[in-house]
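Have a look at the structure below before the remarks.
Values in this text are rule-based calculations from the coordinates and carry no lab data. Just so it is clear, the model here is predicted, and its values are computed rather than measured. Counting neighbours? That spans all protein chains shown, and the Cβs are built from the backbone with ideal geometry, glycine included.
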Amino acid sequence: HLPTAELQALDAAHHMHPFTTGNELAEKGARVIMRAKGVTLTDSEGNEILDGMAGLWCVNIGYGREELAEVAARQIRELPFYNTFFQTTHVPAIALASKLAELAPGDLNHVFFAGSGSEANDTNIRMVRTYWAMKGKPSKSIIISRKNAYHGSSMGSGSLGGMTYMHAQGGMPIPDIHHINQPHWWAEGGDSTPAEFGLARARELETAIGELGEDRVAAFIAEPIQGAGGVIIPPETYWPEIQRICDKYEILLIADEVICGFGRTGNWFGSQTLGIRPDIMTIAKGLSSGYAPIGGSIVSDEVAGVIGSGEFNHGYTYSGHPVASAVALENLRILEEENVIDHVRDVAGPYMKEKWQALADHPLVGEARIVGLMGSIALTPHKESRAKFASDEGTVGLICRERCFANNLVMRHVGDRMVMSPPLVIQPTEIDTMIDRAGRALDECYAEVKS
Ligand code: PLP
């Protein structure tokens, strides 16, 4: 292949990257990833890097699984594409929808496919509003979401998201989306206990319903554990109270399982770990372990029944794409037959939790929490007071991310929090190496921040 510098120059000249400044690319160049196996990436300079982020929270079964390549090749030969519009279907979409109905909790028995999590959340916006309109309540159109949430980058899903820096560009949010506070006790809980704070933040949903009008609120959407917002694990009191409020006011509950789904928290779905009974679940990422782009909405009998009683004028060319569906189905087979979710719950998750304590003891670390294989640490200049750094939010996080890279480890920074979410097939010895490297990166970051 071309030398790294030439690849980087071409990349900077012609490739517009998501969430990246052009100048950064031109000055420093992007790291070029060439191939990967298991939990290890190899870059164009031959560096072997441990992937603490499973790609972008998605490569749940790890890299390099030949079975998925074979299934994709076979499906491309047999039927590379056919649509699922206008009363046509095909075996991969039928098989995947049936499997998802079997795996999903409760009466979530129906799947509307999309090409990504963003598209699936756009589907959800239209689906819940259409549901209420078809039930004779068209005024129920407001969707309540949370600040700091990430639900995608399209106009609809970006509006559901609570990232203000995203809303500042391009005219988001769309109308009738309302955001309440997130339940982040460590950063915002003040003198309250986590239990009190969890309840108080959940009750903001009830207050919002009261202010906006019960007859105008269609749905509440949230991730079981907020991921891209920095892996914010809610206090135990939070979700039961949210569930009670949604039940009481007949608000549809949408669990965005794009990150939490497919084993990340030690169950098939984060809703099972957190005790949530959603009406709709958004899925993507781990559905195919990122080997093919696919997402979708898994919908309850009630919602699907109402929507299906008319025509839902909505769909994507790649809804139920045969190759992506076949790859996803094979991925689910591997997750199931190789007991990957049990491995997260019984082996890798508990082992990682033990190791997480070592990070918690580091002088630069405040909060350190993990559920399954979804963990985060907050960087702080002062543990006891839970203080923030004087520098702009994210400055120290960025230094830490760079120090991770220098130690051949990918961790993500979200402001001044560091996030880890490795492939689910990670083994204890690999966890040891990952935590060692993270510890070294923290030491180096601490030395730099102190000086
Ligand atoms: N929902 C959540 C919770 C996500 O984390 C993401 C992506 O990170 C999305 C939705 C959007 O998914 P996609 O990037 O596949 O559009």
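Just a few scattered comments:
- Counting neighbouring Cβ atoms within 10 Å and putting the fewest first, the residues D176, D361 line up as D361, D176.
- Phi angles of the range 22-30 translate, via the Karplus equation with coefficients 6.51, -1.76, 1.60 and θ = phi - 60°, into HN-Hα couplings of x, 4, 4, 5, 5, 7, 9, x, 8 Hz per residue; Gly and Pro are given as x.
- Listed pairs K137/K248; K37/K285; K355/K383; K135/K248; K147/K383 exceeding 21 Å between Cα atoms: K147/K383
- Of the residues A73, Q226, G46, the one whose Cα sits farthest towards the positive end of the charge dipole of the chain is Q226 (charges of +1 on Lys and Arg Cβ, -1 on Asp and Glu Cβ, taken about the Cα centre).
- Lys/Arg +1, Asp/Glu -1 at C-beta; the range 96-193 dipole; positive extreme among A168, L108, A133: A133
- For the range 1-123, averaging the sequence separation of C-alpha pairs within contact (under 8 Å, six or more residues apart) and dividing by the residue count gives a relative contact order of 12 percent.
- Between L7 and E24, full extension at 0.36 nm per residue minus the direct alpha carbon distance yields a gain of 4.6 nm.
- The range 52-190 shape via C-alpha gyration tensor axes, a/c threshold 1.5: oblate
- Packing-based exposure ordering (other Cβ within 10 Å, fewest first) of V396, V306: V306, V396
- Nonlocal amide H pairs with R412, under 5 Å, H built at 1.01 Å: V419
- For the range 356-447, size of Cβ-based charge dipole, Lys and Arg +1, Asp and Glu -1, in debye: 180
- Cα gyration tensor, the chain - rounded (a/c under 1.5), prolate or oblate: oblate
- Annotation for the range 16-102: trypsin sites (Lys or Arg not before Pro) lying in DSSP loop with at most 15 further Cβ atoms inside 10 Å of their Cβ are R31.
- Of M134, M411, the sequence from fewest to most neighbouring Cβ atoms within 10 angstrom is M134, M411.
- For the chain, the dipole from Cβ point charges (+1 on Lys and Arg, -1 on Asp and Glu) about the Cα centre works out to 400 debye, to the nearest 20.
- Calculated from backbone phi, Karplus (6.51, -1.76, 1.60) coupling profile of the range 186-196 in Hz, x at Gly/Pro: 4, 8, 10, x, x, 8, 6, 7, x, 5, 4
- Once the Cα-Cα distance is subtracted from the 0.36 nm per residue extended length, the K383 to S98 segment shows a gain of 97.7 nm.
- Compared with the direct C-alpha span, the chain from Y165 to R74 gains 28.5 nm at full extension, assuming 0.36 nm per residue.
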